[in-house]
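Everything below concerns the one structure shown next.
Please treat every number below as a calculation from the coordinates, not as lab data. Since the structure is predicted, the reported quantities are computational estimates derived from the model, not experimental observations. In this analysis, Cβ positions are derived from the backbone assuming ideal geometry, glycine residues included, and neighbour counts consider all displayed protein chains.
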Amino acid sequence: MALLLLSCTATTAYASMFELEIVPISKINEDPTVYDSTMAYRKISVIGNLTELSKQSATIDDNTSKPLKIDVTKVELFEGFNVSEEIMVTGEYIYDPLGDSVLTPTYVLHYPTQNLGLVNISDVVTDTAAFNGKYMIVAGNLTSVEMSMGRYTLLAEDEEGNRLKVFFYGSTELQVGDRAKITGLYNGRILHSESMGLDKSPLSISTLVPGFSSFMGAIAILSIALLLKSKQRND
């Protein structure tokens, strides 16, 4: 039983593509060839504090060894992040024995990870920095659904016409015009999702009983009240 529990815990620890095996910076520095993705393709996650962040360079430090250099070519991944903040970077480590080794990020998350729950698309597109690097759920109408490079690229639109770009990593039968509820990581002005489905409104009694209206409901309630009152008199 203990072994099974341990196995389940290990699986959920990095079951998402956004959070993979966490490798301490000290282990990377001790034996960089083990994690070199140019030798054997792999992605890892690293946790630490941003000790430098500019348009030219960034470093992350976990106080166990020398800082690790982070590639900042995709500047949009770091929008809203500040020096001294704790972050999780998931990406590929490129080892260069003659120069600067660097971790090329695919995703950058605030750490501990934050889940904002259901948010409005309008809020996200209005203040992208406030939502960057955090998990969220959005709901909107799909105005574009395209399959390319092994993923879906979608546009989700709210009632005000605000649009959010989505990368969906999975299979779906959703089409343009469907209203979708999408869960994922917002990073680099894109919502990266592994979970998406139809946004179904709670079933109303009119859905369960075709032709049922609020007026009929009022009559039904009144009838029940009169029956109960009549029953009390008879008792």
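Remarks
- Amide H contacts of Ser144: Leu155, each under 5 Å away and 5 or more positions distant or on a separate chain (H built 1.01 Å from N in the peptide plane; Pro and chain starts excluded).
- For the residue pairs Lys43/Lys181; Lys43/Lys74; Lys27/Lys134; Lys55/Lys165; Lys43/Lys165; Lys74/Lys165, alpha carbon separations beyond 21 Å are given by Lys43/Lys181; Lys27/Lys134; Lys55/Lys165; Lys43/Lys165.
- Residues in the stretch 126-141 carry Karplus couplings, in order, of 6, 9, 4, 5, 5, 9, 4, x, 10, 7, 7, 10, 10, 10, x, 7 Hz; the curve used is 6.51 cos²θ - 1.76 cosθ + 1.60 with θ = phi - 60°, and Gly or Pro positions show x.
- Compared with the alpha-carbon gap, the fully stretched path from Lys55 to Asn115 is longer by 18.9 nm at 0.36 nm per residue.
- Amide proton proximity set for Glu21, modelled H, under 5 Å, gap of 5+: Ser45
- Proportion of all alpha-carbon pairs of the stretch 20-120 beyond 24 Å (%): 18
- The stretch 40-102 - charge dipole about Cα centre, Lys and Arg +1 at Cβ, Asp and Glu -1, debye rounded to 20: 180
- Under the combined filter of DSSP loop state and at most 14 neighbouring Cβ atoms within 10 Å, the stretch 30-87 retains these chymotrypsin sites (Phe, Trp or Tyr not before Pro): Tyr41.
- Counted charge near Arg42, where neighbours are those whose Cβ lies closer than 11 Å (Asp, Glu -1; Lys, Arg +1): -2
- For the stretch 70-162, the set of trypsin sites (Lys or Arg not before Pro) satisfying both a DSSP loop assignment and a count of at most 16 other C-beta atoms within 10 Å is given as Lys74.
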